[in-house]
Amino acid sequence: MEERVAAVLEHVTKLYGHGPQATVALNDVSLEVPAGEFLAIMGPSGSGKSTLLNVLAALDTPSRGRVIIDGEDLSQLSDDARSDLRLHRVGFVFQTFNLLPQFTVEENIAWPLEFSGIGWREARRRTQVVLGDVGLDASTRRRRPAELSGGEQQRVAIARALATQPRLLLADEPTGNLDSRTGQAMLELLRALNLQRELTIIMVTHSPFAATYAERTLELRDGRIVVDTASDQTKQHARPTSAGRCG
């Protein structure tokens, strides 16, 4: 069954600190995310959303329980194998974009590919493809992040995450630093990627509106899942606009 799902958490607990003073970030969380699903995770600050995303990204290790990504039990992987999984099978989109200011758009997208052993020619080809996928023209590739709008920077960040051709895309508040119109365009883009590529997306958000783009929404409180419901509003977003073009 595990090969048919993108991610599984089995009774995952994450503690920070030791003894009675330890902070419980996640408390016995079990979760299954089918391949191709668009899942939104909501909850107040301190509810465990970011910790859950970091555990799924193999950036953090649970204190108890198992995490299985793309059929791989993370507890059974070496550090190198976990890094390889993050590099090739999991894409991450940050709220703050995390683009290198001294690099051009092309270099920001291509360097993770080169790091993984892909030659420069193929890295450039992939860069051009993913820029088109997120609705940016070829002229963008020579510009630096400071020359781009917030929406353009977020599109570049999504392109960078897509360039490694991941099976799972993790997005941490991807519209948090954008105005409402640009944020909606980003949500339409993510929904288009999910629908057209069957890309599994797990998105942390504070926005109830953003969560309507997902097929399913979880709400966390005090490190526990307290709501797990399918969205009845995704049909209104099922036909992406030109802002959601993904090739």
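The values are calculated or read from the model by the stated rules, or taken from the named source; none is laboratory data. Given the structure is predicted, the values throughout are model-derived calculations rather than measurements. Backbone-built Cβ (ideal geometry, glycine too); neighbour counts: all protein chains shown.
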**Asked** Right, residue 218: in contact (Cβ under 8 Å) with a residue 24 or more places away in the chain, over 15 Å from the mean Cα position of the chain (by Cα) and surrounded by 21 or more Cβ atoms within 10 Å (Cβ to Cβ) or not?
**Response** yes
**Which numbered condition residue 221 misses (of (1) closer than 24 Å to residue 30 by Cβ; (2) in contact with a Lys or Arg (Cβ under 6 Å, 6 or more places away or on another chain))** = (2)
**Asked** In segment 13-22, is there at least one residue being in contact (Cβ under 8 Å) with a residue 12 or more places away in the chain, among the basic types (Lys, Arg) and more than 21 Å from residue 169 (Cα to Cα)?
**Response** yes
**Prompt:** Applying the selection to segment 168-181, what residues are surrounded by 18 or more Cβ atoms within 10 Å (Cβ to Cβ) and either under 27 Å from residue 124 (Cα atoms) or over 10 Å from the mean Cα position of the chain (by Cα) (or both)?
**Reply:** 168, 169, 170, 171, 172, 174, 175, 178
**Message:** Among the residues of segment 43-80, what is the count of those that are part of a strand (DSSP E or B) and either in contact with a Lys or Arg (Cβ under 9 Å, 6 or more places away or on another chain) or under 21 Å from residue 171 (Cβ atoms) (or both)?
**Reply:** 7
**Complete:** Only unsatisfied item for residue 146, checking (1) out of contact with any Lys or Arg (no Cβ under 8 Å at 6 or more places or on another chain); (2) among the aliphatic types (A, V, I, L, M); (3) surrounded by fewer than 19 Cβ atoms within 10 Å (Cβ to Cβ); (4) not in a helix (DSSP H, G or I), is (4)
**In segment 102-139, residue modelled with the lowest pLDDT [restricted to those that are under 25 Å from residue 182 (Cα atoms) and exposed (fewer than 13 other Cβ atoms within 10 Å of the Cβ)]** = 138
**Complete:** Looking across segment 19-41 at residues that are of a type in the set (A, V, I, L, M) and more than 13 Å from residue 217 (Cβ to Cβ), the single one that is surrounded by the fewest Cβ atoms within 10 Å (Cβ to Cβ) is 22
**Request:** Scan 220, 187, 195, 169 and give me the residue that is among the aliphatic types (A, V, I, L, M), out of contact with any strand residue (DSSP E or B) (no Cβ under 6 Å at 6 or more places or on another chain) and outside any helix (DSSP H, G or I).
**Result:** 220
**Request:** Kindly provide the set of residues from segment 81-101 that are assigned to a loop (DSSP other than H, G, I, E, B) and surrounded by 15 or more Cβ atoms within 10 Å (Cβ to Cβ), ordered by number.
**Result:** 89, 94, 95, 97, 99
**Fill in**
(1) within 19 Å of the chain's Cα centre (by Cα); (2) farther than 29 Å from residue 210 by Cα all hold for residue 63 apart from (1)
